[in-house]
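Below is one structure; the comments refer to it alone.
The values are calculated or read from the model by the stated rules, or taken from the named source; none is laboratory data. Predicted, not measured: the structure shown is a model, and the values here were computed from it. Quick reminder, even Gly has a Cβ in these numbers, built from the backbone with ideal geometry, and neighbours come from all protein chains shown. The area values use the complete protein model at the heavy-atom level, side chains included, leaving out ligands, DNA and RNA. Shrake-Rupley method; radii C 1.70, N 1.55, O 1.52, S 1.80 Å.
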Amino acid sequence: MITVFIEPDNETLTFERHNTVLMLQRKLNLRVNDALVIRGDKLLTPDCQLKDGDEIRIRKVMSTG
Amino acid sequence: MKCRKCKAPAEVPLPSHNTAFCRDCFAAYFTGQVEKSIRRHGLINPGERVLVALSGGKDSLGLMLELSRMGFDVTGLHVDLGIPVSSLAARAKVEGFCTLHGLKLRVVELAKHGLPIPDVKKYINRPVCSACGKIKRHWFNRVALEEGFQVLATGHNLDDEVARLFANTLRWDAGYLSDQGPCLDAENGFARKIKPLYRLTEFETACYAFLNGIEIHTAPCPYSSGASFTGHKELWARLEYTSPGTKIAFYDGFLKRGRPAFAQVEQESGAPVAPCESCGSPTSTGTCGVCRLGIAVAERRAADPDRQ
Ligand code: SF4
Ligand SMILES: [Zn+2]
Ligand SMILES: [Zn+2]
């Protein structure tokens, strides 16, 4: 299972099945440059593999005023 | 994905440039883009003092950090709008950032000048954001002028600029189209206004802030009706996704071929500019717009039974 925290919405989602960052972005309807994908202190690119137990932070970049 | 330059694992994918970078090569790329803007448009001359408008967001703080690392003489300016909760939070982020990096900072408190934004909202019958924007611009320019800064820098990024240009184009607003760009020359007592991040996207400035551990203010202003130009930005994100590189091509093309044409037809607008009778800021109306706002707010506040 992976846990995904979405900013700035402050929403937490969990996914049983996980594969790559690209698949997660597709599931969330995000294009590659719509959001930062953060694991720990690193940024992930779309081809990165997600692992069981991962905590991922999605930081959308479009500024909101 | 591997870094295009050094083959280390990449952290920043940039399809618009058909590339991806590791954090070190991204830092070099980011600096390179800012240098290119400064060089190409003569944004900052040697020895000039630069005042950087700091809202507390990723763009302005990133800009401040980058310019200081490049060796420019920068000072931050934060306008404390006096909005409960949100202004305190924004100011704390800006002050923390400047202390951490040993950067100079000025803070203007609108409440001390009789114009806290909640009062403007309450007593002035016009959209609060237009008055607020006017007041912020007034203070950036005024501090620049009074304290001898030649340059005033803001953190506008490529997405901001493209969305604004697109809106101006939809209206064929010749006035704006004649001078939108990364550099507005000093004139009539206004400092030169520059946008050194205009080649970098919102995604890139967000990566820069994250990779440099910059703590940013993200809570939206309570008076915000949502992002300005959100619809246009979404449209452009879709265009950029299907045709990478479209944004910068549109904007650079405008600077090269569009703007000069508009600048030629746009006549000098007539009204002569003189110092404001009250504060000395340049204006074509005797007493400047912000001083008139101040007077109106003071009158209505004095007449407000809730404030007696
Ligand atoms: S959203 Fe808030 S800070 Fe921004 S212009 Fe409007 S009132 Fe001012
Ligand atoms: Zn590299
Ligand atoms: Zn004035």
Exercise. Restricting attention to region B:237-277, which residues are out of contact with any Asp or Glu (no Cβ under 7 Å at 6 or more places or on another chain) and within 14 Å of another protein chain (Cβ to nearest Cβ)?
Worked result: B:Arg238, B:Leu239, B:Glu240, B:Tyr241, B:Thr242, B:Ser243, B:Pro244, B:Gly245, B:Ile248
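Which is in contact with a Phe, Trp or Tyr (Cβ under 8 Å, 6 or more places away or on another chain) and open to solvent by 60 Å² or more (accessible area, probe 1.4 Å), of A:Arg59, A:Arg31?
Just a single option satisfies the conditions, and that option is A:Arg59.
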Seminar exercise, completed: Of the residues in region B:213-234, those that are open to solvent by 60 Å² or more (accessible area, probe 1.4 Å) and more than 12 Å from chain A (Cβ to nearest Cβ) come to B:Glu215
Exercise. For region B:115-124, does any single residue satisfy the condition of being open to solvent by less than 60 Å² (accessible area, probe 1.4 Å) and under 30 Å from B:Asn212 (Cα atoms)?
Worked result: no
For this session: Could you check how many residues of region A:22-44 are in a loop (DSSP other than H, G, I, E, B) and over 10 Å from the mean Cα position of the chain (by Cα)?
Result: 7
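Can you pull out the residues in region B:186-212 that are away from chain A (no Cβ under 12 Å) and either assigned to a strand (DSSP E or B) or more than 19 Å from A:Met62 (Cβ to Cβ) (or both)?
Narrowing region B:186-212 to residues away from chain A (no Cβ under 12 Å): B:186-199.
Selection gives B:Ala186, B:Glu187, B:Asn188, B:Gly189, B:Phe190, B:Ala191, B:Arg192, B:Lys193, B:Ile194, B:Pro196.
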For this session: Please work out if B:Asp173 is at pLDDT below 95, open to solvent by 20 Å² or more (accessible area, probe 1.4 Å) and within 14 Å of another protein chain (Cβ to nearest Cβ).
Result: no
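Yes/no matrix, rows are residues, columns are (1) more than 7 Å from chain B (Cβ to nearest Cβ); (2) open to solvent by 40 Å² or more (accessible area, probe 1.4 Å):
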position: A:Met1; (1), (2): yes, yes
position: A:Val4; (1), (2): yes, no
position: A:Thr12; (1), (2): yes, yes
position: A:Thr20; (1), (2): yes, no
position: A:Arg39; (1), (2): yes, yes
position: A:Lys42; (1), (2): no, yes
position: A:Thr45; (1), (2): no, no
position: A:Asp52; (1), (2): yes, yes
Exercise. Going through region A:1-53 one residue at a time, which ones are more than 18 Å from B:Glu11 (Cα to Cα) and in contact (Cβ under 8 Å) with a residue 40 or more places away in the chain?
Worked result: A:Met1, A:Ile2, A:Thr3, A:Val4, A:Phe5, A:Ile6, A:Glu7, A:Pro8, A:Asp9, A:Asp52, A:Gly53
For this session: Among the numbered conditions (1) free of Cβ contacts under 8 Å to residues at least 12 places away in the same chain; (2) open to solvent by 80 Å² or more (accessible area, probe 1.4 Å); (3) within 14 Å of ligand 3 (Cβ to nearest atom), tell me where B:Thr287 comes up short.
Result: (2)
